[in-house]
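Read the structure below first, then the notes.
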Amino acid sequence: MASACLVFGSVAAFVSIYAHASQHVPVLVIVRPVHAGAVIQASDLGTYELSSAGSLPVIPAGSESSVVGSTATVSIEPGTLLIGADYARSQPLSAGMAIVGAALKIGQLPATGVVAGQHVMVVGTGASCASGQSGALLSGTSGGPAIGDPGVQSSGGSGGGSGAVSPSGGSSVLVPDAEVYAIALPPQNNSGSASSLVSLAVPRGLASAVAVCAAADDVSVVVLPQGTAR
């Protein structure tokens, strides 16, 4: 009788261990800090063997392709199991808009940073962006008074396709109303001084001017009030 109970107990223990092992589910976990509004990179993701997912809306391992390139809707700490509410796919780009990238450092954006979906004013700083050079790009012409010429301002409103320059020529409003399309942290092995990689949705006619100024490290962004609409 005792031996039968021992055998039964051993079988029950084996079945329990086997069932527990069979319930392990590999899921995605965040392995690096991800700030709200940042684009999730493949290097941000790892896998974890979860004994039982239960009702948690976890993301199965193998679904990386549906997560990489999406935007974090909240800040996520390393070791956090990724769930569907933590990220969102980027919204389709509106007609007539273009995406321009800018590597911004401290002083070129607010201390709190920016998040995807925020509306910002894109300001050109430095000689090249406050002069007729950027104005020629903004105006799209090679002759006549350009937006960048001293004292010349655009008549375009918010997002209307024209930038404006202050009469003093010290700085230029390249885009009165742009939208932060996505942000990301620079690679850890990056040798530059940028603190944020920002993708901006701007009117297509202004994209080249913003790109030129961004490449010269002469771009800053100013966050606009909530509710600003193009």
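The values are calculated or read from the model by the stated rules, or taken from the named source; none is laboratory data. Just so you know, these numbers come straight off a predicted model, no measurement behind them. Cβ coordinates were reconstructed from backbone atoms using ideal geometry, including for glycine residues, and neighbour counts include every protein chain displayed.
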Within region 93-109, considering residues that are assigned to a loop (DSSP other than H, G, I, E, B) and not aliphatic (A, V, I, L, M), the one surrounded by the most Cβ atoms within 10 Å (Cβ to Cβ): Gln108
Condition broken by Pro225, with the remaining ones in (1) under 18 Å from the mean Cα position of the chain (by Cα); (2) at pLDDT 80 or above; (3) in a loop (DSSP other than H, G, I, E, B) satisfied: (1)
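Results for (1) in the same structural domain as Val34 (by TED's automatic domain parsing); (2) modelled with pLDDT of 75 or more; (3) under 30 Å from Ser75 (Cα atoms); (4) of a type in the set (A, V, I, L, M, F, W, C), shown as yes or no for each residue.
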{"position": "Val115", "(1), (2), (3), (4)": "no, yes, yes, yes"}
{"position": "Val123", "(1), (2), (3), (4)": "no, yes, yes, yes"}
{"position": "Ile183", "(1), (2), (3), (4)": "no, yes, yes, yes"}
{"position": "Asn189", "(1), (2), (3), (4)": "no, no, yes, no"}
{"position": "Ser193", "(1), (2), (3), (4)": "no, yes, yes, no"}
{"position": "Ala201", "(1), (2), (3), (4)": "no, yes, yes, yes"}
Mind telling me which of the residues Val39, Val58, Val67 ends up being surrounded by 15 or more Cβ atoms within 10 Å (Cβ to Cβ), outside the structural domain of Ala207 (by TED's automatic domain parsing) and more than 17 Å from the chain's Cα centre (by Cα)? Val58
Go through region 46-71 and count every residue that is part of a loop (DSSP other than H, G, I, E, B), over 28 Å from Val210 (Cα atoms) and in contact with a helix residue (DSSP H, G or I) (Cβ under 8 Å, 6 or more places away or on another chain). 3
Taking interchain pairs and intrachain pairs at least six residues apart, which have beta carbon atoms under 7 angstrom, with the first residue in region 89-113 and closer than 29 Å to Ser63 by Cα and the second among the basic types (Lys, Arg) and surrounded by fewer than 17 Cβ atoms within 10 Å (Cβ to Cβ)? Ala98/Arg204
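Restricting to region 77-92, name every residue that is in a loop (DSSP other than H, G, I, E, B) and at pLDDT below 80.
Across region 77-92, the qualifying residues are Arg89, Ser90, Gln91, Pro92.
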Set Val29, Val74: member being part of a loop (DSSP other than H, G, I, E, B), of a type in the set (A, V, I, L, M) and modelled with pLDDT of 80 or more: Val74
Which ones in region 128-145 are in a loop (DSSP other than H, G, I, E, B) and either at pLDDT below 75 or acidic (Asp, Glu) (or both)? Ser128, Ala130, Ser131, Gly140, Thr141, Ser142, Gly143, Gly144, Pro145
